[in-house]
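The values are calculated or read from the model by the stated rules, or taken from the named source; none is laboratory data. Owing to the predicted nature of the structure, the values given are computational and were not obtained by experimental measurement. Positions of Cβ are backbone-derived with ideal geometry, glycine not excepted, and every protein chain shown enters the neighbour counts.
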Amino acid sequence: MAGEDLAGMISRVSLGDRAAFSALYSATSPKLFSVCLRILKDRTDAEDALQEIFVKIWHRADRFAASGINPLGWLMAIARNHSIDLLRARKPVASNIDEDGWDIADSGADPEQAAVLKGEGKRIDTCMEELESDRAGAVRSAYVEGLSYQELADRHAVPLNTMRTWLRRSLLKLRECLDR
Amino acid sequence: MTTPDQSEGDRARDQVIAGEYVLGVLSLEERRNVEARMMRDTAFAAMVGRWAENLSSFNEDYDLVSPRAAVYPRIEARLFPASQKSGFAGVWSSVTLWRSLTALSVILLAGTVVLQTQPFRPQSPDQPLVAQMSGEGNAISLVASYQADSGRLSVTPVAAGPSDQKSLELWMISGNDPAVSLGVLPQNGDGEIEIPEAMRSRIAAGVTLAVSLEPYGGSPTGKATGPVIAAGQTRIP
């Protein structure tokens, strides 16, 4: 699945090329289906989701060129966003932004420094190593499995607001590290 | 980077919300709010984009799991109901021609093509050699013009045939902004469009140019209504 091949396939899909669409499906459906399964946890739901995701890919392929991101990243974002939307619609979670857990001031992130973009920054892996391991684990499983704050709190046996603070501080630390 | 009307705390909060959106921990309503804000706040959209890129290396945690073979036929049945097969078939079948036109956007802007009523003319040093390339029943033809003295061959699409009464419209898409029409390609096959003065500064490397098939004279709505038959990002050659 070389990036260039995928980009070429998506461009041809945007021109309505069904053979390219079929090739794109063959090349990427195992990866995208894996996203659906990990997040939705049910095979039938995941297959339905995969169907919707490829319908979206067909209709949105012409926007790919404007997105400027790597082709697999673009496809994965469509798959993750769709799966997470389904999950949140099925099992609503409490609002987070207006709740507590904004005690994030001592993150160590210097906003001025963070605001100065220095090229690509570091790879996320290096920055994840700077986090305490349970917090890094929470960040990663939120992303990969689509866990809610409540599920993360239960898994790590900490109060909900503690988990919110953990994750928010971790995000700021990652941002600061990536920009450093 | 500091904006006077936004405190440091607000910026940190925006970074967190952008990151939370990409992680997926927000509620459905919050996700819709974030997406709405991305549409109107490009700085915030860029934050989300950076998180998406940064966190995308977690994608390696997803193994490969093949879906059942029955899934793909269901997708095809959704997208291509049998009744629609004839509709744009003519256009789609010309796709092969388009594939080779990787520099289409450059040609559209820079190409000068003379369409002759005769497919070929005897060549003289300052007369281009011209060919109209078309396929049976295609809504689109390509006009190739070869300038012997410069060695340049340019290719220009034209919506063929008065019976079709279609026009090709050129669009510019910059970032997440909606497509802006740059004009309708002249029906005479001349591939040059004069870009309105106000638009010129917006055409820079990295914007996407696209061509759609529209009713004769161009889109009636100001948005592309027909199929996008070609798209490409501008770059410095």
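Listed here are the residues, each with its yes/no results for (1) at pLDDT 95 or above; (2) surrounded by fewer than 17 Cβ atoms within 10 Å (Cβ to Cβ); (3) out of contact with any Ser or Thr (no Cβ under 6 Å at 6 or more places or on another chain).
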site: B:LEU23; (1), (2), (3): yes, no, yes
site: B:GLU29; (1), (2), (3): no, yes, yes
site: B:MET38; (1), (2), (3): no, no, yes
site: B:THR42; (1), (2), (3): no, yes, yes
site: B:ALA46; (1), (2), (3): no, yes, yes
site: B:GLY49; (1), (2), (3): no, no, yes
site: B:SER56; (1), (2), (3): no, no, yes
site: B:GLU60; (1), (2), (3): no, yes, yes
site: B:VAL71; (1), (2), (3): yes, no, yes
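Where residues in the stretch A:68-92 are surrounded by fewer than 17 Cβ atoms within 10 Å (Cβ to Cβ), more than 7 Å from chain B (Cβ to nearest Cβ) and under 21 Å from B:ARG31 (Cα atoms), which of them is modelled with the lowest pLDDT?
So the residue we want is A:LYS91.
Based on this model, can you work out whether A:ALA61 counts as under 16 Å from A:GLY8 (Cβ atoms), more than 8 Å from chain B (Cβ to nearest Cβ) and buried (at least 18 other Cβ atoms within 10 Å of the Cβ)?
Here the answer is yes, as A:ALA61 does meet what is asked.
Quick check: is even one residue across the stretch A:13-25 crowded, with 18+ Cβ neighbours inside 10 Å, outside any helix (DSSP H, G or I), facing chain B (nearest Cβ under 7 Å) and out of contact with any Asp or Glu (no Cβ under 9 Å at 6 or more places or on another chain)?
yes
If you take the residues in the stretch A:129-152 that are part of a helix (DSSP H, G or I) and of a type in the set (D, E, K, R), which one is surrounded by the fewest Cβ atoms within 10 Å (Cβ to Cβ)?
A:ASP134
State whether the residues of the stretch B:170-177 include one that is loosely packed, with under 15 Cβ neighbours inside 10 Å, modelled with pLDDT under 75 and not assigned by TED's automatic domain parsing to the domain that holds B:GLY49.
Yes: one or more hits.
For (1) at the interface with another protein chain (Cβ under 7 Å from one of its Cβ atoms); (2) at pLDDT 90 or above, each residue gets a yes or a no:
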site	(1), (2)
A:ALA115	yes, no
A:GLY121	no, no
A:ILE124	yes, no
A:GLU130	no, yes
A:TYR143	yes, yes
A:ARG164	no, yes
A:ARG169	no, yes
A:LEU172	yes, yes
A:ARG175	yes, yes
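Taking the residues in the stretch B:197-217 that are in a loop (DSSP other than H, G, I, E, B) and at pLDDT 75 or above as candidates, determine which candidate is farthest from the chain's Cα centre (by Cα).
Residue satisfying both the conditions and the ranking: B:GLY217.
Do any residues in the stretch B:69-87 that are more than 10 Å from chain A (Cβ to nearest Cβ) have Cβ atoms under 8 Å from those of residues that are surrounded by 10 or more Cβ atoms within 10 Å (Cβ to Cβ) and at pLDDT below 95, where the two are at least six apart or on different chains, and which pairs are they?
Final answer for the pair search is none.
Need at least 1 residues that are closer than 21 Å to A:ALA46 by Cα and of a type outside the set (Val, Ile, Thr) per element, so show me which helices (runs of 4 or more DSSP H) inside the stretch B:10-85 make the cut, counting only ones lying wholly within it.
Result: B:28-40, B:71-79.
If you scan the stretch A:155-168, which residues turn out to be out of contact with any helix residue (DSSP H, G or I) (no Cβ under 9 Å at 6 or more places or on another chain) and in a helix (DSSP H, G or I)?
A:THR165 - this is the single residue of the stretch A:155-168 that is out of contact with any helix residue (DSSP H, G or I) (no Cβ under 9 Å at 6 or more places or on another chain) and in a helix (DSSP H, G or I).
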